[in-house]
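Below: the structure, in structure tokens.
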Amino acid sequence: MPSRGFVPVSPSLIDSLSAVAGTENVIVDEAGVETLSKDYYWYSPVLTKRLADRRASAAVKVSSLNVLREVVALAVAARVPMTVRGAATGNYGQCIPLYGGLVIDVGGMDRILAIEDGVVTAEPGARLVSIENAARPLGWELRCYPSTWVKATIGGFLGGGSGGIGSISWGGLLEPGTVKRLTLLTVEDEPRTITLEEADTRPAIHAYGTNGIIVEAQMRLAPAYPWDQMVIAGQSWDRVLDFAEEIARDDGVRKRLVTLLEDPLPSYFRPIKKFYPPDHHLIFLEVESASAAAVKARALAAGLTVSHTIPHHEPRRSPMLSDYTWNHTTLWAIKADPSYTYVQAGFGPNVREQIRELQARFPAEILFHLEFTKNRPAPGAAPVVGCGGIPVIKFTTEERLAEIIRTCRQIGVGIADPHSCYVNEGWSGVDWSPHHRLKTKADPYGLLNPGKFSDYAADPFARGQADPRFLFTA
Ligand code: FAD
């Protein structure tokens, strides 16, 4: 039975799509459409329940802007909802259509168009690993990338991601200067491209493909360095936290990754379990090779052990320690015990007290996984090293999860709620009106990933309901 609010794609539209995209690129069989309608939403037991029955009516794979333009024009004429898909590694159900319609897979638009003067220009489906490996021989590398870099696309990272490896030196996607220019395809009767320069790109970032289809992205790169990887172990939580923070704050050590994993999280990393001395907390570092010996000596002097090192190698490819960091930590924990889930947290300068309080309030329910990042709060402002992370949570009930999130917020731990599929309920403290204005301009009929802005009054599919959550009520 179609889910509530489901918009079908008519047989005549399927015919027209097949004519422009090729029959082999139009997917209508149930299993194929189901696969192309889902992402990693199952990280969240809340979203698993809400989104399990959501799927598109059909999907189309495109590999050129011309075909994409024609596909969009056809879907606009039929007023069919469209959900853009990269590699679908997003984990808030960003890629899952709430109202059926058409999934447009742009993974085939994957050309790297240029790497010049420290700037990459690429089509949206270009994989981050391909960009990194094309840039490094030219002396450049990505400023930041998610731990899914082997699969994830540049368009999907911009549309649904936030930061990752490299963010300890270069901040996340919103760091001023990182995104240089975005070209969007509008969703109008006659789709056209519009170009957003630097400061104007912000509303199109982390917008879940609701306010324009990114068809070309320009991102600034960082100078490339050789990176050594290192596992540092310690039994005292305070000592490993102090050391991780010391390295994170030390501008004399060039680095790409400072991750701290509370015991027993590392025990879930099956392939690298031999580097985990039982009952130890671990720090995973990527530091410039030239600093590696000094960092190792400092770790030993701090009473910690270095249980594994991986010297720099080219090309950089998995397996890497970063395969166990950022949201991959959660993945390994869920693989070991499916009752785990997660939250995305930003701690304050009093991170130690905040963690102690949460450990006391929720013993055995939270395992701490910290990621250090450096961000410029505003253009021109001095960069600040912050401690965030993706604590792993033992899930029991939605109410208990909500209580944990509420408590975090009460004690000043910022939470970007990953258990909501709505853009506006993810990052907190954001003024979403520029996003809405861009949506009105680029998507005047409200056809792009409709419902994902739960506060977008002009959503045509909400059918008079103020809030698309009506989809999930009985
Ligand atoms: P998709 O999932 O395909 O798309 C993400 C969103 O962007 C969707 O809403 C989609 O509609 C939209 N979109 C896709 N293409 C376009 C386009 N061309 N124009 C407009 N909108 C578009 N995220 C991080 O930020 N950092 C991490 O370290 C990280 N680690 C992860 C680890 C795991 C194991 C998993 C499962 C997820 C992780 N994520 C992380 C989330 C996700 O992998 C990243 O955000 C990734 O960059 C998404 O890329 P994708 O190509 O898979 O995008």
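The values are calculated or read from the model by the stated rules, or taken from the named source; none is laboratory data. Just so you know, these numbers come straight off a predicted model, no measurement behind them. Cβ sites come from the backbone with ideal geometry, for glycine too, and all protein chains shown count toward neighbours. These area figures cover heavy atoms from the full protein model, side chains too; ligands, DNA and RNA do not enter into them. Shrake-Rupley method; radii C 1.70, N 1.55, O 1.52, S 1.80 Å.
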Express the Stokes-Einstein translational diffusion coefficient of the range 383-459 in µm² s⁻¹, to the nearest whole number, given a Kirkwood radius over alpha-carbon pairs, 25 °C and a viscosity of 0.890 mPa s.
165
Once phi for every residue in the range 54-71 is put through the Karplus expression 6.51 cos²θ - 1.76 cosθ + 1.60 (θ = phi - 60°), the whole-Hz ³J(HN,Hα) values, with Gly and Pro written as x, are 8, 7, 6, 8, 7, 9, 9, 9, 10, 10, 8, 5, 4, 5, 4, 4, 5, 4
Helix-only [θ]222 nm of the chain, DSSP H runs n ≥ 4, -39500 (n - 2.57) each, per residue, nearest 500:
-8000 deg cm²/dmol
Nearest 10 degrees, 0 to 90: what angle lies between the long axis of helix 398-410 and the longest principal axis of the chain (Cα atoms)?
60
Binned at 10 Å from zero, the C-alpha pair distances of the range 1-148 give percents of 11, 36, 29, 18, 5, 0
Taking r as the C-beta separation of residue 24 and residue 64 and R0 as 22 Å, the FRET efficiency to the nearest 0.05 is 0.90
Each label sits 7 Å from Cα toward the beta-carbon; between residue 197 and residue 430 the label points are separated, in nm, by 2.4
Could you tell me the extents of the range 343-421's C-alpha atoms along the three principal axes, largest first, rounded to whole Å?
44, 30, 20
Taking the DSSP beta bridges in the range 1-126 as the whole, what percent of them are antiparallel, to the nearest 5?
40
Cα axis of helix 351-361 to longest principal axis of the chain: angle in degrees, 0 to 90, nearest 10?
80
Difference of contour (0.36 nm per residue) and Cα-Cα distance, residue 53 to residue 382:
113.8 nm
In degrees, nearest ten, helix 11-21 long axis to first principal axis of the chain (Cα):
60
In what order, largest first, do 341, 148, 440 sit by accessible area if the probe radius is 1.4 Å?
440, 148, 341
Taking H as built 1.01 Å from N, whose amide H comes closer than 5 Å to the amide H of residue 374, not counting residues under 5 places away?
168, 169, 170, 171, 386
Counting all C-alpha pairs of the chain, share separated by more than 36 Å (%)
28
By per-residue mean of other Cβ atoms within 10 Å, what is the highest-first order of 162-170, 291-299?
162-170, 291-299
Expected-Rg normalisation [2.2 N^0.38 Å, Cα atoms] applied to the range 76-132:
1.40
Counting sequence-distant residues (5 or more places) and residues on other chains, those with an amide H built under 5 Å from that of residue 342 are 393
Say R0 is 35 Å: what FRET efficiency, to the nearest 0.05, do residue 336 and residue 181 get from their beta-carbon distance?
0.25
Under 5 Å from the placed amide H of residue 417, counting only residues 5+ away or on other chains, we find none
Quick check on my link table: of 61/151; 151/452; 61/439; 38/441, which ones sit more than 20 Å apart, alpha carbon to alpha carbon?
151/452; 61/439; 38/441
